[in-house]
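The structure appears below as structure tokens.
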Amino acid sequence: MSAEILVRKFFDAYNSGDAEAMESMFAPDAVVEYVGTGVKAAVFRGRSEIDKLFKKMVSGAKKRLERGHSCPSSIFARDDMAAIEWSTTVADKDSGVPVITRGVNVCEIEDGKFRKMTVYLPVTADQPFSAASKLAIQDLGELSLIAWAIV
């Protein structure tokens, strides 16, 4: 499977809230790392940790968010690497305030699976959640993994 197809399948699973499909796209010893301004660094090693991360994100997003969609605006891919610029738009269930999260994922790919995914989540002053820098990485992930609220 090409890197671009893998990325598109990941976003399809991401938008449908299918944590198991997302986790299955990672190599057994894969690493997911979150970095960004104002965000605590977090590293998830192996499919077991990655699976727990995605399941927690899916469950939290269903409770806190309504309607939304995540999509890549740019995909730069070759056989063993992909860089994806993406955005996610959601509405908070309590306030109805729309939240747009933008980021970049840089992925190393081997044998049709993600070997490493580095997620860059910039937190800026113009985002509606002014306390975003105090959120745990899972909370930020919940804000970006929104489409399960549609399901």
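Brief remarks follow.
- A residue that is of a type in the set (Asp, Glu) and at pLDDT 90 or above cannot be found anywhere in the range 62-73.
- Looking only at the range 76-93, and only at residues there that are among the acidic types (Asp, Glu) and touching a residue at least 24 places away in the same chain (Cβ under 8 Å), the one that is farthest from residue 30 (Cα to Cα): 92
- Number of positions in the range 110-151 that are over 18 Å from residue 51 (Cα atoms), surrounded by 16 or more Cβ atoms within 10 Å (Cβ to Cβ) and at pLDDT 90 or above: 0
- Within the range 4-15, no residue that is under 14 Å from residue 58 (Cβ atoms) and of a type in the set (A, V, I, L, M, F, W, C) sits with its Cβ atom under 7 Å from a residue that is at pLDDT 95 or above and part of a helix (DSSP H, G or I) at 6+ positions apart or across chains.
The values are calculated or read from the model by the stated rules, or taken from the named source; none is laboratory data. Predicted, not measured: the structure shown is a model, and the values here were computed from it. Note: ideal-geometry Cβ built from the backbone for every residue, glycine included; neighbour counts use all protein chains shown.
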